[in-house]
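Enquirer: Take this structure first; my questions come after.
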Ligand SMILES: Cc1ncc(COP(=O)(O)O)c(C=O)c1O
């Protein structure tokens, strides 16, 4: 049988770093990756036949779990009709209507293939619409890997401890202004310095890439007000939170209306689909009606639209978000009890079905706080959890993703494994 470490050694010969996205390499937890052969519900099986309860869930898209039968059927039916046409299809229309119905701030959308494309395009649109160049970004916010957003990005870059990326021209970085999450005064200060130059403020309304960090009371309302006052657009990057925090996204949970919204992950139902959207008056600046260019060979791919539409249809059924909240709360309570039974300092941040256990003495409100966490302890914890058949995101600065497929038994088994892990690393 080929083991994961055999496959990783081979992969390193032909794939840069052995992986197609950096955090998968598991460097920060001093491990090598598990190669996945298949997934079913809340479980995945490695290429060497080991079963795991999966809290990565492909980093968020799989809110229904792996290989959901209705999603597979939708994909199967659609794929038989052809895989891509480069021409409009009915299913793109149905998809757009469903997304706009779910999130009222979206009057029109444009479908793309990844979250990176969505945020990159939304920023270009904001710049074209406002005729301004500067943007404000949250320190430790991650919005994919477009040049102007690779300034103090979260996710893999925070995990690897790097401030940005080589290859990004300084002339581009100069247009991106950083503020800490949950800090209204810092946003005010940038607007005071550049009252007429800011095209947009882009933010994950619930930070997810410095670990999960919810917005403090009235924070999102305050930045909404400030952006409005300065005629800058507010862009909510809901690539993680869209259809996860609530069916209507974090904007419905906190009752704040952004100008533009970026969606990804869940809306592709496990296939590559994402979109951005907002008011007609702004969206009509996109080509072909406007002068902001944006395009994509596989944009609105019918198979991805089918997977996404079916996923949204299932999520719209009664009680799905209640169930996700209950399961999230149950896991949080189990983790809290397990922590309290030891002397290990820890704080849990959770919104619905995504949470982070920070090995931290203090509560976490922003990237600086998150970075005070004991990453060595997290690495030990990760390894003991994995040895017990629980697959966590391999970084202190990521969320654990729950799905509707995670059962009570899965959660009980996970809590037991956490108890064991905490005792062993105490
Ligand atoms: C909030 C957020 N925005 C954008 C992205 C980029 O999405 P993608 O990896 O599909 O390009 C991510 C990816 O994790 C994300 O978490």
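Enquirer: What is the residue count in the stretch 267-278 for residues that are closer than 12 Å to residue 309 by Cβ, more than 11 Å from the ligand (Cβ to nearest atom) and surrounded by 24 or more Cβ atoms within 10 Å (Cβ to Cβ)?
Expert: Within the stretch 267-278, residues that are closer than 12 Å to residue 309 by Cβ, more than 11 Å from the ligand (Cβ to nearest atom) and surrounded by 24 or more Cβ atoms within 10 Å (Cβ to Cβ) number 1.
Enquirer: Residue by residue through the stretch 42-73, note down the ones that are crowded, with 23+ Cβ neighbours inside 10 Å and assigned to a helix (DSSP H, G or I).
Expert: Scanning the stretch 42-73 gives 57, 71.
Enquirer: So which residues in the stretch 203-220 are more than 11 Å from residue 250 (Cα to Cα) and either touching a strand residue (DSSP E or B) at 6+ places or on another chain (Cβ under 6 Å) or crowded, with 18+ Cβ neighbours inside 10 Å (or both), if there are any at all?
Expert: Result: 203, 208, 209, 210, 211, 212, 213, 219.
Enquirer: Test residue 357 against the criterion of being over 25 Å from residue 216 (Cα atoms) and under 19 Å from the mean Cα position of the chain (by Cα), and give yes or no.
Expert: no
Enquirer: When the stretch 372-395 is examined, which residues are found to be in a loop (DSSP other than H, G, I, E, B), in contact (Cβ under 8 Å) with a residue 40 or more places away in the chain and farther than 13 Å from residue 28 by Cβ?
Expert: 389
Enquirer: Continuing with the same structure: Assess whether residue 176 counts as being more than 14 Å from the ligand (Cβ to nearest atom) and either touching a strand residue (DSSP E or B) at 6+ places or on another chain (Cβ under 7 Å) or more than 24 Å from residue 256 (Cβ to Cβ) (or both).
Expert: Yes: the conditions hold for residue 176.
Enquirer: Restricting the search to the stretch 221-249, which residues are assigned to a helix (DSSP H, G or I) and either within 11 Å of the ligand (Cβ to nearest atom) or buried (at least 24 other Cβ atoms within 10 Å of the Cβ) (or both)?
Expert: Answer for the stretch 221-249, where residues must be assigned to a helix (DSSP H, G or I) and either within 11 Å of the ligand (Cβ to nearest atom) or buried (at least 24 other Cβ atoms within 10 Å of the Cβ) (or both): 223, 249.
Enquirer: Of the numbered conditions (1) over 19 Å from residue 98 (Cα atoms); (2) in a helix (DSSP H, G or I); (3) in contact with a helix residue (DSSP H, G or I) (Cβ under 6 Å, 6 or more places away or on another chain), residue 281 satisfies every one except a single condition; which is it?
Expert: Only one criterion is unmet by residue 281, namely (3).
Enquirer: What number goes with the only condition from (1) under 23 Å from the mean Cα position of the chain (by Cα); (2) surrounded by 12 or more Cβ atoms within 10 Å (Cβ to Cβ) that residue 21 does not pass?
Expert: Unmet for residue 21, out of (1) under 23 Å from the mean Cα position of the chain (by Cα); (2) surrounded by 12 or more Cβ atoms within 10 Å (Cβ to Cβ): (2).
Bear in mind these aren't lab numbers, they're just calculated from the coordinates by the rules spelled out. Note that the coordinates shown come from a computational prediction; the quantities given were computed from them, not determined experimentally. Neighbour counts are summed over all protein chains in view; Cβ atoms, including those assigned to glycine, are modelled from backbone coordinates with ideal geometry.
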